[in-house]
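K.L.:
Dropping a structure here in structure tokens format, bear with me for questions.
The values are calculated or read from the model by the stated rules, or taken from the named source; none is laboratory data. All values derive from a computational prediction rather than experimental measurement. Virtual Cβ from ideal backbone geometry, glycine too; neighbours counted across all protein chains shown. Surface accessibility is based on the protein's heavy atoms, side chains included, excluding ligands, DNA and RNA. Shrake-Rupley method; radii C 1.70, N 1.55, O 1.52, S 1.80 Å.
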Protein chains: 2
Amino acid sequence: MRDVAVIGTGMTKWGELWEKSLRTIFVETALLAMKDAGVDRIDSMYVGSMSSGLFTGQEHIASLLADYLGQTPVPATRVETACASGGLAFRLGLMEVASGMSDIVLVGGIEKMTDVNGYEATYALGTAADQEYEGYHGITFPGLYALIARAHMEKYGTTREQLAMVAVKNHRNGAKNPLAQFPFEVTIEDVLNSVMVADPLRILDCSPITDGAAAAIICPAEMAKEMGKPVVKIIGSGHATDRIALSSRQDVTWLEATYQAGKKAYEMAGKGPDEIDVLEVHDCFTIAEICVMEALGIVEKGQGGRAVEEGLTSLEGKIPVNASGGLKSKGHPVGATGVAQIVEICKQLRGEVGDRQVKNARIGMTQNMGGSGGSTVVHIFERE
Amino acid sequence: MRDVAVIGTGMTKWGELWEKSLRTIFVETALLAMKDAGVDRIDSMYVGSMSSGLFTGQEHIASLLADYLGQTPVPATRVETACASGGLAFRLGLMEVASGMSDIVLVGGIEKMTDVNGYEATYALGTAADQEYEGYHGITFPGLYALIARAHMEKYGTTREQLAMVAVKNHRNGAKNPLAQFPFEVTIEDVLNSVMVADPLRILDCSPITDGAAAAIICPAEMAKEMGKPVVKIIGSGHATDRIALSSRQDVTWLEATYQAGKKAYEMAGKGPDEIDVLEVHDCFTIAEICVMEALGIVEKGQGGRAVEEGLTSLEGKIPVNASGGLKSKGHPVGATGVAQIVEICKQLRGEVGDRQVKNARIGMTQNMGGSGGSTVVHIFERE
């Protein structure tokens with residue numbers, strides 16, 4: 001298997017993009033990545049999207065987007081594993097280049113979520129849960145994560161304020177990201193006084209509904225060097241699944257798929273949690289970021305809340321988490337999120353993110369999660 | 001890249017399976033494939049499904065199915081490219097085993113289409129077209145293929161009777177397939193007198209709405225030999241895209257993606273159309289089989305209709321096409337179809353299909369198509 005590098009990334013402003021369609025958002029973003037990489041043709045493409053069918057009435061988007069990008073007849077593949085669709089698309093692109101099957105591959109993620117109303121969007125997101133045993137009984141995603149939060153508070157003494165501190169930190173970072181959907185700061189009081197969604201989670205504990213895309217161009221590391229590009233190598237990749245319904249798990253506060261995917265990525269990279277300089281994780285709800293840090297071994301089991309309170313994961317902390325603003329402030333177009341995390345890490349390792357730059361960042365990691373943790377994709381990157 | 005072989009296949013009875021859910025149908029089918037292969041664990045799995053979201057309100061099915069198959073935490077990936085989702089899932093599994101990343105991979109396809117009503121199913125299928133430029137103007141899939149049929153009749157003199165002969169041949173084969181949804185014969189008169197759907201296509205020119213799944217287990221060819229299994233090697237694979245909307249194409253009677261995918265598969269296999277002993281193609285409508293034979297180089301451009309009339313593609317002909325009954329008689333659970341074609345070819349090459357066995361079949365091919373030809377996946381197999 002060959003070493004593979006990211007040589008270009010693209011992202012456009014995220015938000016409620018009512019004036020743009022799915023294809024427009026994707027093509028604009030993909031062209032930015034191709035321009036950044038200095039390529040005008042690709043050998044193959046992968047697109048992550050959770051539910052273009054329910055959100056926009058359009059399936060078959062890999063062909064549609066290859067067409068509108070002017071790249072037919074290249075092979076184009078759409079992959080889906082709920083909110084981890086983007087990370088998974090990246091992993092398959094990596095496999096294709098590493099195996100020698102293709103050289104230049106475009107990996108993108110897209111979700112156009114605001115063409116439907118709030119009820120329809122909540123229903124579409126709910127299809128990531130076990131519909132027969134969870135969804136049809138009325139529980140929504142905030143409800144599932146509220147159960148996790150309540151259990152974590154009960155078991156480990158995590159406080160309501162610590163949950164709020166995740167949102168405060170991520171909004172502080174996101175305020176420095178001009179492409180974020182909500183680039184402003186919030187206070188602990190703002191979070192604690194915001195509208196209740198599913199006790200104990202309030203609206204400012206939840207990532208928003210977002211339209212957006214993200215894209216990256218990958219190629220063999222040797223080719224990247226020949227092209228004179230900054231080489232950000234992909235040194236680790238892990239993908240794992242867990243029982244899909246919360247009721248099937250031994251301990252709802254533990255994200256087994258994240259643990260398993262992280263383990264594989266660490267082993268492949270020959271690195272441990274202590275060697276990660278900058279980390280983007282799937283903070284779809286504030287409690288998620290806390291559980292993910294524990295499952296990735298960044299902190300001990302049960303210590304995620306305290307770590308945030310002590311500043312371990314702030315921009316100036318020992319291991320900055322979600323410098324981009326995370327899903328909370330940057331937005332969460334579900335299929336695009338995994339690729340956007342990779343865009344952020346690559347830009348961090350290339351030193352291109354201005355005010356939110358993590359100093360001396362050489363090794364970065366991304367963790368992208370589907371549903372309430374039923375699937376997870378982890379990648380580790382190193383700047384040569 | 002390593003040689004890869006199919007060592008097990010599974011398929012259950014297709015039809016309107018109201019008493020079974022998506023997960024039940026898939027798990028029963030996957031277990032048959034695992035039993036046939038003699039394995040009780042897998043390293044990874046791929047599932048093709050066109051729109052589990054619109055048909056059943058369930059996305060994230062890769063994790064769901066890995067869970068219900070008792071295989072977590074293995075990586076599980078769902079892929080989609082409309083009605084070619086199954087073929088594409090197989091191609092990615094092939095890539096994973098060929099690259100050395102995994103040894104034993106389960107590839108499956110599933111669609112549960114009868115939990116919605118006819119209007120909703122037609123809408124869901126329509127999401128494979130270009131919704132903004134085709135679907136929203138009211139055209140359905142029978143309508144798109146009717147345009148292709150009319151153009152083919154006008155350009156090449158293809159007759160209404162020749163279209164009917166595709167259905168007659170495929171039903172004659174399907175009558176010998178106990179797993180087919182409609183295992184009975186029809187006559188030319190039956191087709192010509194059946195209900196009009198979109199002129200010139202009548203109901204007996206159209207593949208049905210079906211619930212069903214199909215599965216295969218693949219592994220390195222060397223490992224298959226060590227296990228003492230009949231070795232059906234995958235010697236060619238091609239995947240290509242075309243402009244998605246019919247109005248964007250130079251010639252609507254020509255399936256460019258099928259031509260391109262076929263070309264790649266032939267090159268990889270070092271074989272030509274004359275060397276194929278048995279062929280399963282995507283006859284979603286009778287006209288589709290005619291156009292596909294031309295794009296794959298089985299017959300000259302414009303000669304597809306005449307070839308059927310002359311018996312070239314019947315079970316006793318020079319190159320039997322759709323010995324399984326095809327989509328027309330066997331059924332068309334869209335995401336499963338591509339894998340079911342592979343199941344049929346593997347069983348043909350292993351000599352296990354009884355009455356519909358093609359004599360001395362050693363090399364087989366499958367062609368699986370998305371939408372009105374916007375994507376196509378082709379595979380070539382050889383029995384050692």
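K.L.:
Which condition number in (1) closer than 26 Å to A:Gly87 by Cβ; (2) open to solvent by 10 Å² or more (accessible area, probe 1.4 Å) is the one that B:Leu17 fails?
P.N.:
B:Leu17 satisfies every listed condition except (1).
K.L.:
Could you give me the residue pairs with C-beta distances under 9 Å whose first residue belongs to the range A:16-38 and is farther than 17 Å from A:Gly48 by Cβ, whose second residue is of a type in the set (Phe, Trp, Tyr) wherever it lies, and which are 6+ apart or on separate chains?
P.N.:
Short answer, once both residue conditions are applied: A:Thr24/A:Tyr68.
K.L.:
Still on this model: Quick one: in the range A:169-188, of everything that is among the charged types (D, E, K, R) and part of a helix (DSSP H, G or I), which residue is surrounded by the most Cβ atoms within 10 Å (Cβ to Cβ)?
P.N.:
Filtering the range A:169-188 for residues that are among the charged types (D, E, K, R) and part of a helix (DSSP H, G or I), the one surrounded by the most Cβ atoms within 10 Å (Cβ to Cβ) comes out as A:Lys169.
K.L.:
Taking only pairs six or more apart or across chains, which ones have beta-carbon atoms under 8 Å, a first residue in the range A:128-154 that is more than 28 Å from A:Ser52 (Cα to Cα), and a second residue that is among the aliphatic types (A, V, I, L, M) and open to solvent by 50 Å² or more (accessible area, probe 1.4 Å)?
P.N.:
none
K.L.:
Got a number for residues in the range A:305-355 being under 21 Å from A:His379 (Cα atoms) and not in a loop (DSSP other than H, G, I, E, B)?
P.N.:
Adding up the residues that qualify gives 21.
K.L.:
Condition (residue is of a type in the set (Val, Ile, Thr), within 14 Å of chain B (Cβ to nearest Cβ) and open to solvent by 30 Å² or more (accessible area, probe 1.4 Å)) applied to the range A:121-130: is it met by at least one residue?
P.N.:
Of the range A:121-130, the ones of a type in the set (Val, Ile, Thr) are A:122, A:127.
Subsequent filtering for residues that are within 14 Å of chain B (Cβ to nearest Cβ) retains A:122, A:127.
When the remaining residues are screened for being open to solvent by 30 Å² or more (accessible area, probe 1.4 Å), the result is A:122.
Within the range A:121-130, one or more residues are of a type in the set (Val, Ile, Thr), within 14 Å of chain B (Cβ to nearest Cβ) and open to solvent by 30 Å² or more (accessible area, probe 1.4 Å).
K.L.:
Considering only residues that are over 22 Å from A:Ser375 (Cβ atoms) and touching an Asp or Glu at 6+ places or on another chain (Cβ under 9 Å), look in the range A:45-65 and name the one that is surrounded by the fewest Cβ atoms within 10 Å (Cβ to Cβ). Spell out the reasoning first.
P.N.:
Restricting attention to the range A:45-65, the residues satisfying the condition of being over 22 Å from A:Ser375 (Cβ atoms) are A:56-58, A:60, A:63-65.
Then keep just the ones that are touching an Asp or Glu at 6+ places or on another chain (Cβ under 9 Å); that gives A:56-58, A:60, A:63-64.
Working: A:Thr56: 23, A:Gly57: 19, A:Gln58: 24, A:His60: 31, A:Ser63: 33, A:Leu64: 31.
Applying the filter and picking the extreme gives A:Gly57.
K.L.:
Exactly one condition in (1) within 14 Å of another protein chain (Cβ to nearest Cβ); (2) open to solvent by less than 60 Å² (accessible area, probe 1.4 Å) is not met by A:Cys219; state its number.
P.N.:
(1)
K.L.:
Also, I was wondering about something else. Report, by residue number, each residue of the range B:276-303 that is among the charged types (D, E, K, R) and touching a strand residue (DSSP E or B) at 6+ places or on another chain (Cβ under 6 Å). Outline the logic, then answer.
P.N.:
Initially, the range B:276-303 is screened for residues among the charged types (D, E, K, R), giving B:277, B:280, B:283, B:289, B:294, B:300-301.
Selection gives B:Asp277, B:Glu280.
K.L.:
May I pose another question? From the list A:Ile345, A:Ile290, which residue is under 27 Å from A:Thr210 (Cα atoms) and out of contact with any helix residue (DSSP H, G or I) (no Cβ under 8 Å at 6 or more places or on another chain)? So that I can check it myself, show each step before the final result.
P.N.:
Values: A:Ile290 fails: out of contact with any helix residue (DSSP H, G or I) (no Cβ under 8 Å at 6 or more places or on another chain).
Unique residue meeting the criteria: A:Ile345.
K.L.:
Within 20 Å of B:Ile7 (Cα to Cα) and touching a residue at least 40 places away in the same chain (Cβ under 8 Å): is that true of B:Ile42 in this structure? Full working, then the answer.
P.N.:
Numbers: within 20 Å of B:Ile7 (Cα to Cα): yes; touching a residue at least 40 places away in the same chain (Cβ under 8 Å): yes.
Yes; evaluated as a whole, the condition is true for this residue.
K.L.:
Given the criterion part of a loop (DSSP other than H, G, I, E, B) and under 23 Å from the mean Cα position of the chain (by Cα), identify the matching residue among A:Val166, A:Val191, A:Val116.
P.N.:
Details: A:Val166 fails: part of a loop (DSSP other than H, G, I, E, B); A:Val191 fails: part of a loop (DSSP other than H, G, I, E, B).
On inspection, the qualifying residue turns out to be A:Val116.
K.L.:
Additional query: Which residue, of B:Gly212, B:Gly238, is open to solvent by less than 10 Å² (accessible area, probe 1.4 Å) and either more than 14 Å from every other protein chain (Cβ to nearest Cβ) or out of contact with any helix residue (DSSP H, G or I) (no Cβ under 8 Å at 6 or more places or on another chain) (or both)? Before you say what the answer is, go through the steps one by one.
P.N.:
Numbers: B:Gly238 fails: either more than 14 Å from every other protein chain (Cβ to nearest Cβ) or out of contact with any helix residue (DSSP H, G or I) (no Cβ under 8 Å at 6 or more places or on another chain) (or both).
From the options B:Gly212, B:Gly238, the qualifying one is B:Gly212.
K.L.:
Which members of the range A:246-259 meet the condition of being surrounded by 24 or more Cβ atoms within 10 Å (Cβ to Cβ), in a loop (DSSP other than H, G, I, E, B) and within 12 Å of chain B (Cβ to nearest Cβ)?
P.N.:
To start, the set of residues in the range A:246-259 that are surrounded by 24 or more Cβ atoms within 10 Å (Cβ to Cβ) comprises A:253, A:255, A:257-258.
If we keep only those that are in a loop (DSSP other than H, G, I, E, B) as well, we get A:253, A:255.
Of everything in the range A:246-259, just one residue is surrounded by 24 or more Cβ atoms within 10 Å (Cβ to Cβ), in a loop (DSSP other than H, G, I, E, B) and within 12 Å of chain B (Cβ to nearest Cβ), namely A:Leu255.
K.L.:
Can you name the residue in the range B:71-100 that is in contact (Cβ under 8 Å) with a residue 40 or more places away in the chain, outside any helix (DSSP H, G or I) and surrounded by fewer than 24 Cβ atoms within 10 Å (Cβ to Cβ) and, of all such residues, is farthest from the other protein chains (Cβ to nearest Cβ)?
P.N.:
Result: B:Gly100.
K.L.:
Quick check: anything in the range A:259-274 within 20 Å of B:Ile61 (Cα to Cα) and assigned by TED's automatic domain parsing to the domain that holds A:Thr376?
P.N.:
Step one: filter the range A:259-274 for residues within 20 Å of B:Ile61 (Cα to Cα), giving A:260-261.
Narrowing further to those that are assigned by TED's automatic domain parsing to the domain that holds A:Thr376: A:260-261.
Yes; the residues of the range A:259-274 include at least one that is within 20 Å of B:Ile61 (Cα to Cα) and assigned by TED's automatic domain parsing to the domain that holds A:Thr376.
K.L.:
Pull up the range A:152-163, narrow it to residues that are outside any loop (DSSP other than H, G, I, E, B) and not hydroxyl-bearing (Ser, Thr, Tyr), then point me to the one that is most open to solvent (accessible area, probe 1.4 Å). Before you say what the answer is, go through the steps one by one.
P.N.:
Of the range A:152-163, the ones outside any loop (DSSP other than H, G, I, E, B) are A:152-156, A:160-163.
If we keep only those that are not hydroxyl-bearing (Ser, Thr, Tyr) as well, we get A:152-155, A:160-163.
On the way: A:His152: 0, A:Met153: 38, A:Glu154: 154, A:Lys155: 113, A:Arg160: 41, A:Glu161: 79, A:Gln162: 17, A:Leu163: 0 Å².
The extreme case among them is A:Glu154.
For (1) among the β-branched types (Val, Ile, Thr); (2) at the interface with another protein chain (Cβ under 10 Å from one of its Cβ atoms); (3) part of a loop (DSSP other than H, G, I, E, B); (4) over 21 Å from A:Asp3 (Cβ atoms), each residue gets a yes or a no:
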{"site": "A:Ile244", "(1), (2), (3), (4)": "yes, yes, yes, yes"}
{"site": "A:Ala261", "(1), (2), (3), (4)": "no, yes, no, no"}
{"site": "A:Met268", "(1), (2), (3), (4)": "no, no, no, no"}
{"site": "A:Lys271", "(1), (2), (3), (4)": "no, no, yes, no"}
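K.L.:
Let me ask another. Criterion first (out of contact with any Pro (no Cβ under 7 Å at 6 or more places or on another chain), in the same structural domain as A:Glu289 (by TED's automatic domain parsing) and without any contact (Cβ under 8 Å) to a residue 12 or more places away in the chain) does A:Gly338 satisfy it? Full working, then the answer.
P.N.:
On the way: out of contact with any Pro (no Cβ under 7 Å at 6 or more places or on another chain): yes; in the same structural domain as A:Glu289 (by TED's automatic domain parsing): yes; without any contact (Cβ under 8 Å) to a residue 12 or more places away in the chain: no.
No, not satisfied.
A quick yes/no check of all residues on (1) closer than 16 Å to A:Phe182 by Cβ; (2) out of contact with any Cys (no Cβ under 7 Å at 6 or more places or on another chain); (3) touching a residue at least 40 places away in the same chain (Cβ under 8 Å):
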| site | (1), (2), (3) |
| --- | --- |
| A:Ile298 | no, yes, no |
| A:Gly304 | no, no, yes |
| A:Val308 | no, yes, yes |
| A:Gly311 | no, yes, no |
| A:Pro320 | no, yes, yes |
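K.L.:
Any idea which residue in the range B:1-17 is nearest to the other protein chains (Cβ to nearest Cβ), counting only those that are assigned to a strand (DSSP E or B) and over 12 Å from B:Gly108 (Cβ atoms)?
P.N.:
Going residue by residue through the range B:1-17, those that are assigned to a strand (DSSP E or B) are B:4-11, B:15.
Imposing the further condition that a residue be over 12 Å from B:Gly108 (Cβ atoms) reduces the set to B:4-7, B:15.
On the way: B:Val4: 12, B:Ala5: 18, B:Val6: 19, B:Ile7: 21, B:Gly15: 21 Å.
Ranking the qualifying residues of the range B:1-17, first place goes to B:Val4.
K.L.:
Any residue at all in the range B:96-117 that's of a type in the set (S, T, N, Q) and closer than 22 Å to B:Lys35 by Cα? Full working, then the answer.
P.N.:
Narrowing the range B:96-117 to residues of a type in the set (S, T, N, Q): B:99, B:102, B:114, B:117.
Now restrict to residues that are closer than 22 Å to B:Lys35 by Cα: B:102.
Checked the range B:96-117: at least one residue is of a type in the set (S, T, N, Q) and closer than 22 Å to B:Lys35 by Cα.
K.L.:
Looking at (1) in a helix (DSSP H, G or I); (2) closer than 18 Å to A:Gly86 by Cβ; (3) not charged (D, E, K, R), find the lone condition where A:Leu279 falls short.
P.N.:
For A:Leu279, the exception is condition (1).
K.L.:
How many residues does the range A:356-384 hold that are within 14 Å of chain B (Cβ to nearest Cβ) and either assigned to a loop (DSSP other than H, G, I, E, B) or open to solvent by 40 Å² or more (accessible area, probe 1.4 Å) (or both)? Show your work before the answer.
P.N.:
Start the filter on the range A:356-384 by keeping residues that are within 14 Å of chain B (Cβ to nearest Cβ), which leaves A:368-379.
Add one more test, that the residue is either assigned to a loop (DSSP other than H, G, I, E, B) or open to solvent by 40 Å² or more (accessible area, probe 1.4 Å) (or both), and what stays is A:371-374.
The qualifying residues number 4.
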